[in-house]
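Read through the structure below, which is laid out as structure tokens, and then see the notes.
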Amino acid sequence: MSVCVGMARHRYTVLLILAAISLLAKSGNGLYSPADQVTLLDYSNLDGILYNSSKAWVVEFYASWCGHCISFARVWKSLANDIKDWKPALSLAVVHCANPVNSKLCRRFEVTSYPTIKLFKAFSRPFVRGEHFSGSERSVSALRHYFIDHLEAHDENVWPPACPPLEPVSMAEVQSFFAFNDVLYLALIFEEENSYIGREVTLDMLQYENIAVRRVLKSEESLVKLFGVQSFPSCYLYFNDTSHRAASVKKETRIFYTYYLRRLPGVTRGAYKLTAENVTYGDSTETWKDFNSSKLYMSDLESSLYYSLKMEVVKHQELSGDTLMALKNFITVLTKFFPGRPFIMKLLQITDTWLRDVGTGPVSSRALMDVLNNKNRIPGAVLPDKENWVGCQGSRPHFRGYPCSVWTLFHLLTVQAAKHNNSMVLAGKSVQSDPLEVLSALRQYVKHFFGCRECAVHFESMAAVSMNSIQTFDKAILWLWSRHNRVNNRLAGALSEDPKFPKIQWPPPDMCADCHNEINGHHEWILDAVMNFLNVHYSPDNIDYSYLKEEEELRKKQQKVEEDTWQGQERTVPEEEWKKDIDEDKGKQEKEKSTEQSMMNEERQVNQRSVRRIRSQKRSFVKWKHTARRDVEDIVDLDLFVNEQYKKQALKGRAENERASMMSKKYRGPQLHLQSIDESGESKEMLQNWVVWGGDNVIAKKKWIGLRGMNFSRMDTGLCIMLYFLTALSLLSLYLYFKMMFRCWKLKYWFASACIGIKYSRERK
Ligand code: FAD
């Protein structure tokens with residue numbers, strides 16, 4: 001009884017959490033509304049709508065801040081409107097990935113760029129991730145054709161029940177049509193093989209009764225002759241009494257055919273409803289914050305860190321190779337040059353150290369998220385868990401925000417790097433600074449993580465032309481300024497431009513009159529003045545700290561959001577479950593892959609996934625030992641310790657050797673850390689291990705040799721080798737011993753038989 005009450009209470013709590021998350025979801029503002037003919041999916045309804053559906057789905061994953069998503073929204077809405085009659089067979093949907101409540105969902109679907117389009121067949125099994133749309137042309141008609149191909153790719157056993165046959169008919173089928181179908185008309189669309197009109201009209205008429213539509217290929221000569229078809233495409237009506245007539249339309253196009261057929265006597269719309277699914281997506285209730293555009297806002301900068309790290313970077317389920325390196329470089333320049341509040345810096349330093357320790361990875365997004373969320377509760381280290389735009393506010397929620405803050409952050413970092421270099425030179429310290437350090441980090445960040453892929457491609461093409469020739473810090477500042485102005489120029493008047501914040505060549509004359517000059521009617525920049533202006537504008541002294549949340553508030557919020565999100569979502573989609581399904585799904589796909597190369601890739605992914613699974617199992621242990629960890633935090637002065645530790649490591653670059661020797665002496669493995677904690681010395685030692693451990697990646701840290709998912713330390717390997725030699729040695733001694741024994745025995749035998757022989761010959765004599 002008490003168990004039942006407990007379970008009921010537990011369920012109630014889960015429901016409350018889900019309701020809270022659902023409210024949060026509704027406050028995320030997207031580019032689509034229920035008025036558009038698209039279904040608005042989010043983490044709470046996607047599984048129920050998409051899987052085991054009797055129709056096929058095409059889903060656009062987008063971010064509202066992404067300029068190309070804003071432009072593409074027009075195409076997607078127009079397409080949704082264009083094929084709204086196809087809904088019983090194929091529907092369009094959208095997922096707003098910039099809404100934090102959907103971030104886990106978008107990770108699950110491996111959405112790393114926007115907009116991403118995925119196709120799902122009817123009756124897709126739960127947790128299938130969909131087929132990635134790889135077509136380069138994204139016009140309404142190209143997409144429509146692609147969707148028809150997608151429908152045709154369904155097997156017979158999963159064919160959407162509402163979807164009429166799309167293949168061409170033969171003479172025999174036409175002749176026997178009315179024997180099997182109780183309709184008034186059979187509309188035949190004669191067309192070339194590569195034409196889509198027949199199938200489009202068939203789908204357009206899907207909801208209409210008393211009529212069926214089929215396509216006839218030009219190559220079906222008997223039918224072409226029977227109907228007397230002269231041109232292609234053309235539409236004919238065929239009746240029950242075997243008579244036929246041409247459709248009287250002014251133009252032989254899809255729209256004219258559809259319009260004509262829908263108005264035939266006796267043709268009526270069927271029972272299908274055209275209304276979009278009843279899913280709502282609320283509007284913004286954010287209040288406007290007044291700001292001064294000549295200032296930088298720490299709130300924007302911190303929001304930029306939040307969004308880039310906790311939303312963009314973690315979209316990659318696993319980081320390794322160039323992607324991991326891009327993250328490392330990004331974090332390194334942040335720890336070096338970002339003038340952040342102490343607790344933000346501490347979190348960045350912890351992340352930096354952890355990333356150095358994981359070496360070449362791979363690193364799971366979940367492990368990274370644990371570090372960013374400070375799962376180990378190291379005091380005085382926290383990152384915001386929500387964006388709070390001030391100077392980067394847009395007049396509507398999808399304008400400005402994140403991309404605005406990325407530019408601001410990197411301008412600030414280029415200026416800070418130059419200042420740092422100057423101060424080192426002035427102090428007479430020998431420095432080996434790289435003027436390209438910040439720009440390279442930005443370039444890699446944009447290349448690997450910036451969700452707007454087309455933006456990334458544009459930026460990369462600019463960087464490839466001239467970035468590497470930069471030789472001074474001032475040139476790096478000016479390069480970023482001038483390239484940003486090029487982007488401003490290109491985007492002026494684009495759909496992504498906030499009408500209240502038009503794209504201008506920056507800084508405008510009212511911000512910096514000295515920066516501008518006019519010679520013979522031509523505008524010219526005074527570069528020295530621009531340089532001075534940038535140095536002042538992007539300096540820590542120009543940062544406004546209004547609208548910021550205090551550390552304590554951020555910490556509490558972070559803990560709560562993290563617990564709610566993981567718990568709530570884990571219940572909605574158990575990770576192991578969907579991973580298992582993904583594995584199965586992958587297995588099925590593997591069969592379809594024909595080339596050796598793709599098979600090798602698959603194998604690699606499966607291996608990586610199994611490593612991930614081992615890691616996530618480890619992580620659950622951490623959760624379990626929560627209380628023990630808190631006890632330790634009460635005992636030691638972690639703040640002081642971590643500060644000292646990381647300053648050394650991040651800024652002086654001595655960490656590698658120190659930590660290597662420390663780890664080899666003191667490392668004990670994750671379970672010990674969480675259990676026995678007594679004295680402060682012990683605790684410090686344990687904390688060191690914690691920090692570098694940072695969650696799941698303990699495997700990556702300690703592993704020396706890995707074999708089929710099992711990792712062996714140096715000691716294991718040493719013992720193994722020793723054991724091997726000992727065994728070999730004892731085998732050798734045994735061999736020698738028996739060999740000697742055998743020889744002795746042989747000698748004895750020979751001697752005995754010789755004696756007997758002598759004795760015998762003597763006796764004979
Ligand atoms: P932003 O252009 O984002 O500028 C932010 C702030 O920086 C401004 O408010 C101003 O204070 C300051 N600023 C403006 N110009 C300069 C300058 N020249 N030097 C120094 N400071 C300046 N969107 C697309 O639609 N297509 C793209 O191809 C594209 N490429 C992008 C590439 C990168 C690397 C980034 C970070 C963003 C890109 N974007 C792109 C987004 C776009 O540039 C804007 O960031 C977005 O439209 C928001 O514009 P905004 O009005 O907030 O001002």
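The values are calculated or read from the model by the stated rules, or taken from the named source; none is laboratory data. This is a predicted model, so every value here is computed, not measured. Every residue, glycine as well, gets a Cβ built from its backbone with ideal geometry; the counts of neighbours run over all protein chains shown.
Every condition in (1) of a type in the set (Lys, Arg); (2) touching a helix residue (DSSP H, G or I) at 6+ places or on another chain (Cβ under 8 Å); (3) farther than 17 Å from SER308 by Cβ is met by ARG396 except one, and the failing one is (2). Residues in the stretch 467-522 that are near the ligand (Cβ under 9 Å from one of its atoms), among the small types (Gly, Ala, Ser) and out of contact with any Phe, Trp or Tyr (no Cβ under 8 Å at 6 or more places or on another chain): SER482, ALA494.
Conditions (1) modelled with pLDDT under 95; (2) among the acidic types (Asp, Glu), marked per residue:
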residue	(1), (2)
LYS447	no, no
GLU460	no, yes
ALA463	no, no
LYS475	no, no
LEU480	no, no
VAL487	yes, no
ALA492	yes, no
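The one condition from (1) more than 16 Å from the ligand (Cβ to nearest atom); (2) outside any loop (DSSP other than H, G, I, E, B); (3) of a type outside the set (S, T, N, Q) that LYS375 does not meet is (2).
So for the stretch 408-417 (the condition being within 13 Å of the ligand (Cβ to nearest atom), of a type in the set (Phe, Trp, Tyr) and surrounded by fewer than 19 Cβ atoms within 10 Å (Cβ to Cβ)), does at least one residue qualify? No, that holds for no residue.
When residues in the stretch 45-75 are screened for being within 16 Å of SER139 (Cα to Cα), within 13 Å of the ligand (Cβ to nearest atom) and buried (at least 19 other Cβ atoms within 10 Å of the Cβ), 5 of them pass. Inspect all residues belonging to the stretch 531-543 and state whether any of them is within 14 Å of the ligand (Cβ to nearest atom) and within 29 Å of the chain's Cα centre (by Cα). Scanning the stretch 531-543, I find no residue that is within 14 Å of the ligand (Cβ to nearest atom) and within 29 Å of the chain's Cα centre (by Cα), so the answer is no. Picking from residues in the stretch 130-157 that are assigned to a loop (DSSP other than H, G, I, E, B) and buried (at least 18 other Cβ atoms within 10 Å of the Cβ), the one that is modelled with the lowest pLDDT is PHE133.
Please verify whether ALA122 is touching a strand residue (DSSP E or B) at 6+ places or on another chain (Cβ under 8 Å), small (Gly, Ala, Ser) and not in a loop (DSSP other than H, G, I, E, B), treating the condition exactly as stated. No; evaluated as a whole, the condition is false for this residue.
Evaluating VAL425 against the criteria (1) of a type in the set (A, V, I, L, M, F, W, C); (2) under 15 Å from ASN535 (Cβ atoms); (3) away from the ligand (no atom under 16 Å from the Cβ) leaves one unmet condition, (2). Looking across the stretch 442-466, the residues that are among the aliphatic types (A, V, I, L, M) and away from the ligand (no atom under 12 Å from the Cβ) come down to ALA464, VAL465. Any residue in the stretch 383-396 that's in contact (Cβ under 8 Å) with a residue 12 or more places away in the chain and away from the ligand (no atom under 16 Å from the Cβ): show its pairings with residues that are polar (S, T, N, Q) and not in a loop (DSSP other than H, G, I, E, B) at Cβ separation under 7 Å, as long as the two are six or more apart or on different chains. As it stands, the answer is PRO384/SER303; ASP385/GLN558, since those pairs meet every condition given.
Report yes if some residue within the stretch 76-88 is within 24 Å of ALA456 (Cβ to Cβ), more than 16 Å from the ligand (Cβ to nearest atom) and aliphatic (A, V, I, L, M); otherwise report no. No, because not a single residue in the stretch 76-88 is within 24 Å of ALA456 (Cβ to Cβ), more than 16 Å from the ligand (Cβ to nearest atom) and aliphatic (A, V, I, L, M).
On inspection, LEU368 does not qualify as buried (at least 19 other Cβ atoms within 10 Å of the Cβ), within 16 Å of the ligand (Cβ to nearest atom) and in contact (Cβ under 8 Å) with a residue 12 or more places away in the chain.
Given the structure, is LEU203 part of a helix (DSSP H, G or I), at pLDDT 95 or above and within 21 Å of THR268 (Cα to Cα)?
When the stated conditions are applied, LEU203 passes them.
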